[in-house]
Amino acid sequence: MANEIFVRPMKKEEIEQFERWALLNSELSLLDPAIVAYPTLRVMAAENGRVIGYLPYHDVLMLESFAPDPEATDLERAEACRQFVKTVYSVASSAGVREIIYFGKDDRLNRVAERHGFEKIEFPVYRLKVK
């Protein structure tokens, strides 16, 4: 019978091993090396007598569904979104959050977002709703 696996916070003396393992798996895990400087970064370790793996996680701000006045012009919509993002950026910066994410299906807003620093991510996104 295998030992049960437990999860705990990573220990300081494991940082070097975590970094080495993360780099070895970076192609599959899509590692963003910039996360090591994120103020909200935390890393978990899974072990059963020996460390099986590490999983870093950090806070992000998710922009939800924009609800514009149906009679608003494209320019008004774009400017409203720009002002929303500036405000959320300030909130994120104050809270130590280093990433803002949104799902974009509106091509007009997507073009504005890309012109203002958002990068399009071409990888599958998965969601788990917590109940």
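The values are calculated or read from the model by the stated rules, or taken from the named source; none is laboratory data. No experiment lies behind these values; they were computed from the predicted model shown. As a convention, Cβ positions derive from the backbone with ideal geometry for all residues, glycine included, and neighbour counts pool all protein chains shown.
Can we say Met62 is out of contact with any Cys (no Cβ under 6 Å at 6 or more places or on another chain), surrounded by fewer than 12 Cβ atoms within 10 Å (Cβ to Cβ) and not in a loop (DSSP other than H, G, I, E, B)? Outline the logic, then answer.
On the way: out of contact with any Cys (no Cβ under 6 Å at 6 or more places or on another chain): yes; surrounded by fewer than 12 Cβ atoms within 10 Å (Cβ to Cβ): yes; not in a loop (DSSP other than H, G, I, E, B): yes.
Criteria met by Met62.
Does region 7-18 hold any residues that are outside any loop (DSSP other than H, G, I, E, B) and out of contact with any Pro (no Cβ under 9 Å at 6 or more places or on another chain), and which are they? First the steps, then the outcome.
Quick first cut of region 7-18, residues outside any loop (DSSP other than H, G, I, E, B) only: 7-9, 12-18.
Within region 7-18, Val7, Arg8, Pro9, Lys12, Glu13, Glu14, Ile15, Glu16, Gln17 qualify.
Would you please list the contacts, defined by Cβ atoms under 8 Å and residues six or more apart or on different chains, that run from a residue in region 108-131 that is under 14 Å from Arg77 (Cβ atoms) and not assigned by TED's automatic domain parsing to the domain that holds Leu28 to a residue that is of a type in the set (Ser, Thr, Tyr) and in a loop (DSSP other than H, G, I, E, B)?
Matching pairs, first to second residue: none at all.
Please tell me if Arg98 is more than 27 Å from Leu24 (Cβ to Cβ) and either of a type outside the set (A, V, I, L, M) or not in a strand (DSSP E or B) (or both). It would help to see each step written out before you state the result.
Numbers: more than 27 Å from Leu24 (Cβ to Cβ): no; either of a type outside the set (A, V, I, L, M) or not in a strand (DSSP E or B) (or both): yes.
In short, no.
When you check Glu4 against the structure, is it assigned to a helix (DSSP H, G or I) and either more than 19 Å from the chain's Cα centre (by Cα) or not basic (Lys, Arg) (or both), yes or no? Spell out how you get there, then give the answer.
On the way: assigned to a helix (DSSP H, G or I): no; either more than 19 Å from the chain's Cα centre (by Cα) or not basic (Lys, Arg) (or both): yes.
Judged against the criteria, Glu4 is not a match.
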